[in-house]
Amino acid sequence: MSTDDAPDTDARPAAPSATAQARQQAAHTIAGARALYDSGATRSIDARLAVLATLDKALRIQRQNLLDAVYRDLRKNPTEATLTELGVLHQEIAHVRKHLKGWARPRSFSPGITLAPASGRLQHEPYGVALVISPWNYPVSLSLAPVVAAIAAGNTVVLKPSELAPATSAALAHLVRTHLDPNWVQVVEGGVDETTALLEERFDVILYTGNGTVGRIVARAAAEHLTPTILELGGKSPVFVDDDVDLATVARIIAWGKFTNAGQTCVAPDYVLARPETLDRLEPHLRRAVRELYGKDPRRSHDYGRIINERHFDRVLGLMDPVRCTVGGPETAARAELYIPPTVMVDVDPSDAVMDEEIFGPVLPLLAADGPDDAIRLIRAGEKPLTAYVFSGSPEVEEAFAQRTSSGSLAFGLTLAHVGSTTMPFGGVGESGMGAYHGRAGFEAFGHRKPVVSKPVRFTTLSMVFPPYGPLKRRLIPRLFG
Ligand code: NAD
């Protein structure tokens, strides 16, 4: 090539960096979402119901595609995924479709005697353009359940699925592209660059599900635009087991809650507290429960999942102390297939490494507590968890946990299943998050309840408080307002 033919590198515009590309894509996506929102199309309740019906149908059409994707990302059993990924969504959509008109109806209120005569109504209005950032552990349901709430409330939505579940991210993008109005719901695939670019833009509401570190990044970015933020985070959800319960059944309930999705569930029981004698009796029941759920060798069970990636595999393995693992343990883990067995660790102390962070994997530490009061003390010594579980035959003990511990939710006699409830607001408190959604709570989280007050102008009583403050007003105002 002659020098004349050589490309003039200095004069050529630099190839857009990933961030510049991501910025361009983010701006373009939001412009589409905002244009549709500004057109007023999402104000119509019938139009929202139609979008939700289409989404429900799309989930049925794309069912196999989604189940395959979740299997590829997490080796999640299709029946389990039907329950925890798709089933919860169908239920949520059905509930919202049934109640949306009632929720959206303005509610009247009396503005009070001092404004009389006047009337008031609370009118729900959507925020506008919503951003939903979702995690990898329930990559379908935790992406689309917030989308359902955002649509119900009348927003347009930009969804950013997790790059750590790439097959599901692609399946969601395909579903949305194929079935939904391109500006009402859009999917932006990608990783940190794409999320960062989105967060630089102004959204009208953001729902983020994931860890607290990124939660803080999201909250900081949202603060730039004073954007309301719902943070669905995690934490160490404790279980207290009292001495007076049927330990065989309780062990099965705990084992199911802990080992579903290989422990990668935000509301999974993180650790168990009980009196030492109760722990001694509980441990063999947990061993039996694991065998009942996943057979003698969980590695060969079709019903047992895998860890999302090597980084999390190494992290979870690093939390185990081999000599204290009485069920499972690191010896039978297999990095090549990201398999960690259901593991029970005994004689754990609050100062052990496994108690430093949310485990988010199939390791269940058992810790001694000297009864309910001591368990409450230990729970209160940590950050506020996303949920807490109590198994006790005593209503007084249950009430003590309800009154003296703080968590996103509290469940007696069950694990996990409460998050599927369409009538329960789901969210954290303190370190486990802020705000809540699901059902009506989701509709309310994605909109503003605007008070609309109306007072006749003719013969207005407001003139009673206008200056000048002569003798009559100087006597009257302190009587009315003092
Ligand atoms: P993740 O790593 O997939 O992250 C979630 C999202 O954050 C992704 O979309 C990702 O792209 C984005 N992200 C990651 N790093 C970022 C950065 N530096 N800047 C901007 N965006 C970034 O998911 P995760 O955090 O590993 O999920 C696990 C955590 O989520 C656990 O703590 C778990 O308890 C919690 N969780 C909470 C709920 C809930 O409903 N409260 C549900 C599931 C999981």
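Less than 5 angstrom separates the built amide H of residue 411 from those of 388, 389, 390, all sequence-distant by 5 or more or on a different chain. For region 238-422, relative contact order (Cα pairs under 8 Å, six or more residues apart, normalised by length) works out to 29 percent. Per residue, the average separation of C-alpha pairs within less than 8 Å and at least 6 apart gives the chain a relative contact order of 18 percent.
Where both bridge residues fall in the chain, DSSP classifies roughly 35% of the beta bridges as antiparallel. For region 238-422, the calculated P(r) over all alpha carbon pairs, in 5 Å bins from 0 to the bin holding the longest distance, is 1, 8, 18, 22, 22, 15, 8, 3, 1, 0 percent. Taking 16 Å as the straight-line reach from the Cα of residue 296, the aspartates and glutamates in range (excluding those fewer than 8 positions away in the same chain) are 331. Converting phi to 3J(HN,Hα) with the Karplus coefficients 6.51, -1.76 and 1.60 and the offset θ = phi - 60°, region 334-341 yields 9, 4, 4, 10, 6, 9, 10, x Hz in sequence order, with x at every glycine or proline. Mean residue ellipticity at 222 nm, helices only, the chain: -13000 deg cm²/dmol; runs of at least 4 DSSP H residues each add -39,500 (n - 2.57), and the sum is divided by the number of residues. Relative contact order for region 221-313: 32 percent, from Cα pairs under 8 Å spaced at least 6 residues apart, divided by residue count.
In the chain, a dipole from Cβ-located charges (positive for Lys and Arg, negative for Asp and Glu) runs towards its positive end, and of 343, 143, 162 it is 143 whose Cα lies farthest in that direction.
What the Cα convex hull of the chain gives, in volume per residue, is 234 Å³.
Taken one residue at a time, the phi angles of region 250-260 give Karplus couplings (6.51, -1.76, 1.60, θ = phi - 60°) of 4, 4, 5, 5, 5, 4, 4, x, 7, 9, 4 Hz. Gly and Pro are set to x. Taking Cα centre as origin and charging only the Cβ of basic (Lys, Arg, +1) and acidic (Asp, Glu, -1) residues, the dipole magnitude of the chain rounds to 2840 debye.
Computed over region 203-341, the P(r) curve from all C-alpha pair distances, binned at 10 Å from the origin, holds 10, 33, 29, 17, 9, 1 percent per bin. The share of accessible area on the chain that comes from carbon and sulfur is 55 percent, using a 1.4 angstrom probe. 3J(HN,Hα) along region 282-287: 6, 4, x, 5, 5, 4 Hz, from the Karplus curve 6.51 cos²θ - 1.76 cosθ + 1.60 with θ = phi - 60°, whole Hz, x for Gly and Pro. The residue list 237, 294, 218 was ranked by how far each Cα lies along the charge dipole of the chain toward its positive end, using unit charges on Cβ atoms, and 218 comes out on top. Solvent exposure of the chain amounts to 46 Å² per residue of accessible area, where only protein heavy atoms count and the probe is 1.4 Å. Tell me, what does the Kirkwood hydrodynamic radius of region 272-371 come to in angstroms if you use every pair of distinct C-alpha atoms? Hydrodynamic radius (Kirkwood, Cα only) of region 272-371 equals 14.0 Å.
May I ask which of 76/258; 76/236; 57/450 have a Cα-Cα span longer than 21 Å here? Violating the 21 Å Cα-Cα cut-off are 76/236; 57/450. Amide H contacts of residue 347: 366, each under 5 Å away and 5 or more positions distant or on a separate chain (H built 1.01 Å from N in the peptide plane; Pro and chain starts excluded).
A simple charge model with +1 on the Cβ of Lys and Arg, -1 on the Cβ of Asp and Glu and nothing else charged puts the dipole of region 238-422 at about 760 debye relative to its Cα centre.
The values are calculated or read from the model by the stated rules, or taken from the named source; none is laboratory data. This one's a predicted model, so the numbers in the text were calculated from it and none came from an experiment. Positions of Cβ are generated from backbone atoms using ideal geometry, with glycine treated the same way; all protein chains shown enter the neighbour counts. Accessible surface is based on the protein model in full, side chains and every heavy atom, while ligands, DNA and RNA are left aside. Shrake-Rupley method; radii C 1.70, N 1.55, O 1.52, S 1.80 Å.
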